[in-house]
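Worksheet: one structure, shown below.
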Amino acid sequence: MKTEPLHIAGHTFQSRLFLGTGKFGSNQLMHDAVVASGSELVTVALRRVRLQEQEDEVVSHLQIPGVKLLPNTSGVRTAKEAVLAAQLAREALQTNLLKLEIHPDPRYLLPDPIETLAATEILAREGFIILPYINADPVLCKRLEDAGAAAVMPLGAPIGTNQGLQTRAMLEIIIEQSGVPVVVDAGIGAPSQAAEAMEMGADAVLVNTAIAVAGDPVAMAEAFKLATLCGRMAYEARMGSVRKSAEASSPLTAFLGQE
Amino acid sequence: MSFLPIFEQHSWEGMAERINGKQAADVERALNKQGKRDLDDFCALVSPAAVPYLERMAQLSYRLTRKRFGNTTQLYIPMYLSNECHNICTYCGFSVHNKLARRTLNQQQILREVEAIKAHGFEHLLLVTGEANRTVGVDYFEQVLEWIRPYFANLTMEVQALDQADYERLIQKGLNSVLLYQETYHRDNYRQYHPKGKKGNFVYRLETPDRLGRAGIHRIGLGTLLGLEDWRTDAAFVALHLGYLERQYWQTKYSVSLPRLRPAAGVQSPNVEVTDRDFVQLICAYRIYSENVEISLSTRERPAFRDHLLKLGITSMSAGSKTEPGGYAIEEEALEQFEISDERTPEEVAAMIRRQGFEPVWKDWDSVLG
Ligand code: SF4
């Protein structure tokens, strides 16, 4: 079972499932779930890492062959703070990859479009490979692409809500218009929803809560692995269109050419 | 704009009646509701009518907490900088009339304490003082923050109420968060608990979270002292306050604490009893009312009880606490503010958290995040 690989700014991924690594009941469980998911890109929150120390516990549990780290800036509220955090993350974790996450609202963790665009403009000039986390706003996605984002990460629903693809109509437009990979981030609560996003043509999905707080996170990670693969295979196999309403049973255009 | 006019629309008796009038059907409605619960739902959840629903509340609280905060528990530790205090608070061991050795830590002493605390791995620190504005005022706080900022990821203060400009100065120096408990929202009786000193000004204290919000602080901690007045009514005022603050200062995070009156030298014993069962109901009610609020638990509570509470909605807990200045590295001479109950080491508490299937999180912030 092979699908087309995903390319993001020179990095190639076989797996189209990205994992968030917060909320796990232990670092070992987090490690095991990452392995079971087959993911090759996992986020790590800068705020959780002891930057001054040689051996950070979270990071050392994510040193897995074939798995790249995607530092995120969770916690910053402005572009200025984000730039500072990004520079520190690059230095500490030795990677240009960056999940840019600016949410001034600490309750629903909804991203700030204005600050995110401003930060993308600055960080792109500094050579970062930026994957911005944003609301499902098609125009914003194009503006971010123009500003140098390597991919866009629109949300399916508010973080941690497991509500699925609430923003479906907007995601469809984003996928249709995007010149960079589209990663559906946040809100995916069940493997079937991951498959749904992939069938729609999303390039990847990012999942965290649904795996981390499942009864058996490792088994759930594998379920998401298969669902993501499944959805992608269906997309590549070009699904027949789903009929939304009944068609008239006798053809309406059969008279043409009959005279 | 401040909380005061909103507070004044509600009388203590009116709130108490609102709670005591709740029926089983109100509790069911609050539990079954999809989406944000309102103050009436909260009143139902803390009411006597909710007592038979405690297990259901606990299950819901557990699920909501896991969804939002994951299977983790944040660890922090308090550091008492000073026990000087010019106030009288009838429930506190630091009250001015209590005969005890007073001490305010200097730079060298603070750095020794820091070293001892860091040896356990703590990154989130809570700084505590009494109220002695001349010696332990904003200038001192600024100094202290400067000394210790490099060692910690997150700094919280639990000190006297200050002006907005003072908070702005301290935020500049790296202060992330302030805990300031109203103690009780019973305005008339508040005066009796605070017969002397600046803390006796009920309104100034009530409007402190507004000043903090305007100053742009990251996190504000609310709470009442359990054991002073009817806990259900006080909790409903906390919920009212929280709801107001969340709308008004939407960029700020909030936490609630549930300090339960503990014995200490020269203090009054609790006015009203708050049982373990009440305590659990309160935690669950806060969680169901606000899915995002942090709920923290101190070492005032005894170990076995703390271990059970871990699953019920708590998101952070202190461990290995000493409640006298210099308690970690300098030998004990001063008296503590209250007796701690959970005397386990931080390592033992972390091991307990792991045994329950949670990851103890030592660092969940960074000084670069402002
Ligand atoms: S509660 Fe605070 S202000 Fe009141 S006596 Fe104790 S230390 Fe002083």
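The values are calculated or read from the model by the stated rules, or taken from the named source; none is laboratory data. Predicted model, so just to flag it, every value in this text is computed and none were measured. Every residue, glycine as well, gets a Cβ built from its backbone with ideal geometry; the counts of neighbours run over all protein chains shown. Accessible surface areas use protein heavy atoms only, side chains included; no ligands, DNA or RNA. Shrake-Rupley method; radii C 1.70, N 1.55, O 1.52, S 1.80 Å.
Quick notes on this structure:
- Hypothetical label at A:Arg125: residues of the stretch A:43-83 whose amide nitrogen lies under 17 Å (7 Å Cα-Cβ projection): A:79-83
- Reference-scaled alpha-carbon Rg (2.2 N^0.38 Å with N residues) for chain B: 0.94
- Taking Cα atoms only, the orientation of helix B:138-148 departs from the longest principal axis of chain B by about 80 degrees.
- Interface residues, the stretch A:30-74 - accessible area loss of 30 Å² or more versus chain alone, probe 1.4 Å: A:Arg47, A:Arg48, A:Arg50
- Checking Cβ-Cβ separations below 4.7 Å across chain B identifies B:Cys43, B:Cys85, B:Cys284 as cysteines lacking any candidate disulfide partner.
- The C-alpha atoms of chain B define a longest principal axis, and helix B:276-289 lies at about 80 degrees to it.
- Förster radius 35 Å - calculated FRET efficiency between B:Thr275 and B:Arg355, Cβ distance, rounded to 0.05: 0.85
- In this simple spin-label model, placing a label point 7 Å from the Cα along the Cα-to-Cβ direction at both A:Asn27 and A:Gln52 gives a separation of 1.8 nm.
- Counting heavy atoms of the protein chains alone, A:Ser178 has an accessible area of about 30 Å² for a 1.4 Å probe.
- Simple spin-label estimate for B:Asn201 and B:His97 in nanometres, 7 Å along Cα-Cβ: 2.4
- Solvent exposure ordering (accessible area, 1.4 Å, most first) of B:Lys253, B:Lys199: B:Lys253, B:Lys199
- Counted charge near A:Thr120, where neighbours are those whose Cβ lies closer than 13 Å (Asp, Glu -1; Lys, Arg +1): -3
- Over 19 Å [Cα-Cα, the stretch B:3-114], rounded percent: 69
- Over all pairs of different C-alpha atoms, chain A has a mean inverse distance whose reciprocal, the Kirkwood radius, equals 18.9 Å.
- The simple spin-label model puts a point 7 Å past each Cα toward its Cβ; for A:Leu256 and B:Gln251 those points are separated by 5.9 nm.
- Relative contact order for the stretch B:4-362, counting Cα pairs under 8 Å that sit 6 or more residues apart, in percent: 25
- Efficiency of FRET from Cβ geometry, B:Arg63 and B:His10, R₀ 45 Å, rounded to 0.05: 0.90
- Legend: calculated FRET efficiency, B:Ser367 to A:Ala169, from the Cβ-Cβ distance at R0 = 51 Å, rounded to 0.05, equals 0.80.
- Label zone of B:Ala329 (point 7 Å out along Cα→Cβ, amide N under 16 Å): in the stretch B:131-145 this covers B:144-145.
- Degrees, to the nearest 10: B:231-248 long Cα axis against longest axis of chain B: 80
- Per-residue [θ]222 nm for the protein assembly as shown (sum of -39500 (n - 2.57) over DSSP H runs n ≥ 4, rounded to 500): -11500 deg cm²/dmol
- Accessible-area value, B:Trp362, 1.4 Å probe, nucleic acids and ligands omitted, Å²: 40
- Evaluated over the protein assembly as shown, the Cα radius of gyration and Dmax, each in Å: 26.4, 113
- Sulfur and carbon atoms: percent of accessible area, the protein assembly as shown [1.4 Å]: 50
- Looking at chain B, the accessible area is 37 square angstrom per residue; that uses a 1.4 Å probe and ignores ligands, DNA and RNA.
- Beta bridges per DSSP, both residues in the stretch B:4-362: antiparallel share near 5 percent.
- Note on the stretch A:93-132: Rg/Rh from Cα positions, Kirkwood definition for Rh, rounded to two decimals, is 1.02.
- Accessible area buried at the B-A interface, both sides summed, 1.4 Å probe (Å², nearest 100): 2700
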